[in-house]
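> Please read through the structure below; I'll follow up with questions.
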Amino acid sequence: MTIRAYQEIYLSKAQAVLGEAFDYAINTCEIPGDDFVKLFLASQISKRMENGEPSCIAGKSGIEIVQDVVYETTQKEIQHEAEISYSRSTEYWCGWAVAYYQWYSGRKYYEIFRAVSFSDLQKMYYTLHEADITKVADVIQRKINAQFPETNLKRIRTAYGCTQAELAKNAGVSLRSIQMYEQRNKDINKASVAAVYGIAKALGCTVEDIIEK
């Protein structure tokens, strides 16, 4: 039930754009990877990309993305000529992979980079760059879960002030299911629409509030 900002047909373009941006920023402009991530997160470009704005995910090149990010955050113009590359660099893969996970999970880029640093992505490259991208997403998801151990359901239920048993009764869902959702032993994103709607209604929130991104 993850809500994605744009259709899958645009995903490969978004991945290529962010991959090119990371490669150009780090290898051509010589901006350290962690520094570029900070600039990217501070810019509106990151928000526009995660929101699926066509002008960013399909209307700009990675070079233009870097130029916009740097100018917005530092008021400096970058005019380095792009270097011709016939193979994907490690930095390209890092941008390519994180763009996939952002689309796949629906999470904000700042949340992702709180759990996974640029250095972490570089380390993943050596063991995962030939693996299926869904395996990469699983590895990032485990890091996300470690960074954000409390599920949305538990956080909202606790704030609402009801027990698991009370929520189960009011939502028409078994107590065991509530417990398993909160422990991540059962994926709430794969629950039936009726179950998730019942839980959200009982907690006075939206479905989007309780699903895991």
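The values are calculated or read from the model by the stated rules, or taken from the named source; none is laboratory data. In this text the structure is predicted, and so the values were computed from the model without any measurement. Backbone-built Cβ (ideal geometry, glycine too); neighbour counts: all protein chains shown.
> Modelled with pLDDT under 95 and either closer than 30 Å to Ser61 by Cβ or β-branched (Val, Ile, Thr) (or both): is that true of Gln183 in this structure?
No.
> If a residue must be over 30 Å from Asn51 (Cα atoms) and touching a helix residue (DSSP H, G or I) at 6+ places or on another chain (Cβ under 7 Å), how many such residues does segment 178-213 contain?
Total satisfying the criteria: 2.
> From Ile78, Ile63, which residue is buried (at least 20 other Cβ atoms within 10 Å of the Cβ), of a type outside the set (D, E, K, R), more than 24 Å from Val116 (Cβ to Cβ) and touching a helix residue (DSSP H, G or I) at 6+ places or on another chain (Cβ under 9 Å)? Quick ask: steps written out before the conclusion?
Details: Ile78 fails: buried (at least 20 other Cβ atoms within 10 Å of the Cβ).
Criteria check complete, one pass: Ile63.
> Let me ask something else about it. Between Glu72, Glu91, which is surrounded by fewer than 21 Cβ atoms within 10 Å (Cβ to Cβ) and assigned to a helix (DSSP H, G or I)? Reasoning before the result, please.
Details: Glu91 fails: surrounded by fewer than 21 Cβ atoms within 10 Å (Cβ to Cβ).
Only one candidate passes the filter, namely Glu72.
Results for (1) closer than 27 Å to Ala202 by Cα; (2) in the same structural domain as Met49 (by TED's automatic domain parsing); (3) of a type outside the set (Phe, Trp, Tyr), shown as yes or no for each residue.
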site	(1), (2), (3)
Glu77	no, yes, yes
Trp93	no, yes, no
Tyr100	no, yes, no
Phe113	no, yes, no
Leu128	no, yes, yes
Ile140	no, yes, yes
Leu167	yes, no, yes
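> Further question on the same structure: Is it the case that Glu72 is closer than 21 Å to Phe113 by Cα and assigned by TED's automatic domain parsing to the domain that holds Lys108? Steps first, please.
Values: closer than 21 Å to Phe113 by Cα: yes; assigned by TED's automatic domain parsing to the domain that holds Lys108: yes.
Yes: the conditions hold for Glu72.
> Continuing with the same structure: Could you tell me which of the residues Arg157, Arg114, Arg184, Arg107 is touching a residue at least 12 places away in the same chain (Cβ under 8 Å) and at positive phi?
Being touching a residue at least 12 places away in the same chain (Cβ under 8 Å) and at positive phi holds for just one of Arg157, Arg114, Arg184, Arg107, which is Arg184.
> Would you point out which residue out of Ala194, Ala202, Ala159 is surrounded by 18 or more Cβ atoms within 10 Å (Cβ to Cβ), in a helix (DSSP H, G or I) and not assigned by TED's automatic domain parsing to the domain that holds Phe36?
After ruling out the rest, the residue left standing is Ala202.
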